[in-house]
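All remarks here apply to the structure that follows.
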Amino acid sequence: MKKPAPILKAVPVQEIVEGPFTDITLLPPRVAAMREKILEASSTFDIEKLRPAIERNEVMPLFGRAGERPRTFATAIEFLRTHSYDGKGREILMVLEAVFTATFVRVKRGPHVIYIWPAFALIPMQEIDADQGETMLRCIAFADLVRDGFTGRPPYHRGEIGEDGTWHAFGVS
């Protein structure tokens with residue numbers, strides 16, 4: 001008689017959050033390099049300059065929510081352009097700069113480590129101080145205010161880069 005297959009149970013992965021940090025020298029070299037590529041592109045006000053940072057990954061960063069995000073590297077820039085209030089991508093570049101110059105946290109989930117900007121993305125709204133509130137305003141795209149009927153927490157953007165330098169995500173938190 002055959003033994004039944006064991007029942008696998010999902011075990012919650014412990015998440016350890018460290019920070020917030022302002023000192024970018026604490027970033028691993030690959031994370032710092034990706035962040036720098038993103039910030040270099042942001043400073044140009046030319047959305048096309050972001051393409052090398054996006055295409056540096058093996059997989060495309062997650063932009064936007066499921067169902068509305070771009071599916072290919074070829075469509076990523078156009079997606080960001082059309083989700084920018086000015087229609088040219090400049091607003092998104094300004095938001096990217098605000099996000100990746102804000103304080104950050106280091107999050108360890110099991111064996112994986114990810115860096116998240118801005119740090120207040122993981123803080124309950126009522127605990128956000130005045131400085132974090134000002135930064136939050138810079139991390140909001142006008143297009144998201146128009147598109148989303150939000151209540152409570154504003155639709156600010158956040159970014160995530162893995163410890164290996166992979167840009168995982170940029171979108172509304």
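Below are the figures for this structure:
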| read-out | value |
| --- | --- |
| Test result for Leu39, touching a residue at least 60 places away in the same chain (Cβ under 8 Å), more than 18 Å from Ile140 (Cβ to Cβ) and in contact with a Lys or Arg (Cβ under 7 Å, 6 or more places away or on another chain) | no |
| Some residue of the stretch 3-16 being at pLDDT 90 or above, within 25 Å of Val113 (Cα to Cα) and either surrounded by fewer than 14 Cβ atoms within 10 Å (Cβ to Cβ) or out of contact with any Gly (no Cβ under 7 Å at 6 or more places or on another chain) (or both) | yes |
| Hits in the stretch 17-49 - residues which are closer than 18 Å to Gly162 by Cβ and among the aliphatic types (A, V, I, L, M) | Val17, Ile24, Leu26, Leu27, Val31, Ala32, Ala33, Met34, Ile38, Leu39 |
| Flag for Ile114 being surrounded by 13 or more Cβ atoms within 10 Å (Cβ to Cβ) and in contact with a helix residue (DSSP H, G or I) (Cβ under 8 Å, 6 or more places away or on another chain) | no |
| Extreme residue, nearest to Arg69 (Cα to Cα), among residues of the stretch 124-173 that are at pLDDT 70 or above and of a type in the set (Lys, Arg) | Arg158 |
| Of all residues making up the stretch 86-134, the number that are without any contact (Cβ under 8 Å) to a residue 12 or more places away in the chain and over 16 Å from Pro28 (Cβ atoms) | 12 |
| The stretch 104-126, residues that are over 17 Å from Pro155 (Cα atoms) and of a type outside the set (Lys, Arg) | Phe104, Val105, Val107, Gly110, Pro111, His112, Val113, Ile114, Tyr115 |
| Selected residue (only one of Ala119, Ala102 is of a type outside the set (Lys, Arg), surrounded by 14 or more Cβ atoms within 10 Å (Cβ to Cβ) and under 16 Å from Met34 (Cα atoms)) | Ala102 |
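The values are calculated or read from the model by the stated rules, or taken from the named source; none is laboratory data. In this text, all values refer to a predicted model and were calculated from it rather than measured experimentally. Don't worry about glycine lacking a Cβ; one is built from the backbone with ideal geometry, like all the others, and counts go over all protein chains shown.
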